[in-house]
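Asks: One structure follows; several queries about it will come next.
The values are calculated or read from the model by the stated rules, or taken from the named source; none is laboratory data. As the structure is a computational prediction, the values presented were derived from the model and not from experiment. Don't worry about glycine lacking a Cβ; one is built from the backbone with ideal geometry, like all the others, and counts go over all protein chains shown. When the accessible area is computed, the model is the full protein with side chains, heavy atoms only, and any ligands, DNA or RNA have been set aside. Shrake-Rupley method; radii C 1.70, N 1.55, O 1.52, S 1.80 Å.
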Amino acid sequence: MVEVFSSGQGERVSPFRGIRYNKEIVKDLAAVICPPYDIIAPEQQKLYYERSDYNIIRLEHPLSVSYDAAEQSDRSKYDRAAITFQQWLKRGVLQGDRVSSFYLHDHYFTYMGGRRRRRGLVARVRLEPWGNGIYPHEETFSKAKIDRLQLMRTCQANFSPLFALYQDSEQEIVQALFGASQREPIIELDDSNETHVVWAITDPKLRQQLSELLAARPLYMADGHHRYETALLYQQERMQKLPSGIGKEAFNYVMMTLVDFSDPGLVVFPIHRLVCGIASSALAGLKSQLEDFFILESVPLPASPKAFLASLQAEVASRSRGKQRSNLEEISSRVTIGILGLEPQSLIMLRQRQDVSIEDIMPKNHSQAYKKFDISLLNHLILDRMLGLAQGSKNLAYTVDIDEAYQQVNGGRYQLAFALSPPNLEMIKDIVDAKDRMPRKSTYFYPKLPAGLIINPLS
């Protein structure tokens, strides 16, 4: 089991004086938010610039070349972001709240034809090394974090929250938050198919209650691993310049949205794999190698693999409601991985053979929970052992859209696509509780938390 670490220096989870858009100046709040930087494609980046002169993209993910005033054209994008941030504060475009608050965020979205709500609590969380009360759930690529660190240095703020999960088995936090949602919200906006409603929790007793309820709970990082590691680096830099910075200084914290594991709006997508550059001989022998470990079933595909896989998931969900098992459910209950491209217009569905052990093939330095995970099986047994593709290979790509994967394979850009089922939340927790991490690119929590609702100052 994971353990909670407490340094005793200030509250572990605390309210803060957030900075928000001034609705007297910025009339349309939906026009000024954007997704977190790491999912914004270059063409989308420009579109957010054009959407509003005050879009948070100018702070969260500034363009390398100036898109604004000519006098800033010779400055770095980080300096331009810092100048813009200070100008907006000076002009009153952004205003800091006068009272420290927790921020209750209801995020409404459409999923599988229905409307859902994910409830999160935006708070400052004390920075600690991984494993000291805050736990990563998956491995990360060792890419440089210079971009985020430089932005943090110049702007001294968090423009988007990290996303973490906690366990509320007794529903104590759920009950504490219910009353806050009955009051007047400070933010209400509709952005495309998503709606955001935010309340400021300023009542001293409720703030103290929430801090105490969250003080001893492990936090499982869902989204934002790289940004958390960047915040740790920034904290170290600030502490070197200010050795006394071991208490309640703002740089000792990072902004997070905390969501209960049992929240009905918690949705996790799988991240499918696409591969190319496989030798024709290896591709020709793949089916035979797969048969050594799996039973293969070929299923003709309709026009949309996404619709087909969604129907499989719906059939699995119906099991808990007592419905009769159908052919789709019978298939899905035994399937771990699907393959596109191995047979024309078909999805090859794999189910693990019970008469063959893979124990000796899986890495010994990982937990049993890790070894049972379908992406672990795919990575170590199929991609590595059978196809010789190491993680991080340039011949390996990722997507959450299985229809896109299908089109890429049909168009010849990739040879195969491996379709995966949504990760089970209990499986995620089991792997983390075993002090292990899931493979890289295992989860995509949907929808992403936007940048720009609340800003956390670090100075």
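Asks: For the range 79-90, does any single residue satisfy the condition of being in contact (Cβ under 8 Å) with a residue 60 or more places away in the chain, open to solvent by less than 10 Å² (accessible area, probe 1.4 Å) and touching an Asp or Glu at 6+ places or on another chain (Cβ under 9 Å)?
Replies: yes
Asks: So which residues in the range 265-284 are free of Cβ contacts under 8 Å to residues at least 12 places away in the same chain and either more than 17 Å from Phe418 (Cα to Cα) or under 33 Å from the mean Cα position of the chain (by Cα) (or both)? Lay out the reasoning, then the answer.
Replies: Taking the range 265-284 first, the residues free of Cβ contacts under 8 Å to residues at least 12 places away in the same chain are 279-281, 284.
Answer for the range 265-284, where residues must be free of Cβ contacts under 8 Å to residues at least 12 places away in the same chain and either more than 17 Å from Phe418 (Cα to Cα) or under 33 Å from the mean Cα position of the chain (by Cα) (or both): Ala279, Ser280, Ser281.
Asks: Given the conditions (1) modelled with pLDDT of 90 or more; (2) surrounded by 14 or more Cβ atoms within 10 Å (Cβ to Cβ); (3) farther than 30 Å from Phe102 by Cα, which single one is not true for Phe251?
Replies: (3)
Asks: Which members of the range 165-188 meet the condition of being polar (S, T, N, Q) and under 19 Å from Glu212 (Cβ atoms)? Step through it out loud before you land on a result.
Replies: Kept after step one, since they are polar (S, T, N, Q), are these residues of the range 165-188: 167, 169, 171, 175, 181-182.
Matches in the range 165-188: Gln167, Ser169, Gln171, Gln175.
Asks: Right, here's the next one. Please enumerate the residues belonging to the range 19-57 that are under 29 Å from Gly133 (Cα atoms), touching a Leu at 6+ places or on another chain (Cβ under 9 Å) and either of a type in the set (A, V, I, L, M, F, W, C) or open to solvent by less than 20 Å² (accessible area, probe 1.4 Å) (or both).
Replies: Result: Ile19, Pro36.
Conditions tested, residue by residue: (1) surrounded by 20 or more Cβ atoms within 10 Å (Cβ to Cβ); (2) under 30 Å from Val254 (Cβ atoms); (3) over 22 Å from the mean Cα position of the chain (by Cα).
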{"position": "Ala390", "(1), (2), (3)": "no, no, yes"}
{"position": "Lys394", "(1), (2), (3)": "no, no, yes"}
{"position": "Asn410", "(1), (2), (3)": "no, no, yes"}
{"position": "Phe418", "(1), (2), (3)": "yes, no, no"}
{"position": "Pro422", "(1), (2), (3)": "no, yes, no"}
{"position": "Ile428", "(1), (2), (3)": "yes, yes, no"}
{"position": "Arg440", "(1), (2), (3)": "no, yes, no"}
{"position": "Pro450", "(1), (2), (3)": "yes, yes, no"}
{"position": "Ile455", "(1), (2), (3)": "yes, yes, no"}
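Asks: Which ones in the range 167-197 are modelled with pLDDT under 95 and open to solvent by less than 10 Å² (accessible area, probe 1.4 Å)?
Replies: Ala180
Asks: So, Gly133, is that one open to solvent by less than 20 Å² (accessible area, probe 1.4 Å) and in contact with a Ser or Thr (Cβ under 6 Å, 6 or more places away or on another chain) or not?
Replies: Working: open to solvent by less than 20 Å² (accessible area, probe 1.4 Å): yes; in contact with a Ser or Thr (Cβ under 6 Å, 6 or more places away or on another chain): no.
No.
Asks: Follow-up. Specify which of the listed residues (Ala200, Ala164) is in a strand (DSSP E or B), hydrophobic (A, V, I, L, M, F, W, C) and open to solvent by less than 30 Å² (accessible area, probe 1.4 Å).
Replies: Numbers: Ala200 fails: open to solvent by less than 30 Å² (accessible area, probe 1.4 Å).
Testing whether each residue is in a strand (DSSP E or B), hydrophobic (A, V, I, L, M, F, W, C) and open to solvent by less than 30 Å² (accessible area, probe 1.4 Å) leaves just Ala164.
Asks: Met362 is checked against (1) open to solvent by less than 10 Å² (accessible area, probe 1.4 Å); (2) out of contact with any Lys or Arg (no Cβ under 9 Å at 6 or more places or on another chain); (3) assigned to a loop (DSSP other than H, G, I, E, B) and fails just one. What number does that condition carry?
Replies: (2)
Asks: Looking only at residues that are modelled with pLDDT under 95 and part of a loop (DSSP other than H, G, I, E, B) in the range 96-129, which one is surrounded by the most Cβ atoms within 10 Å (Cβ to Cβ)?
Replies: Filtering the range 96-129 for residues that are modelled with pLDDT under 95 and part of a loop (DSSP other than H, G, I, E, B), the one surrounded by the most Cβ atoms within 10 Å (Cβ to Cβ) comes out as Met112.
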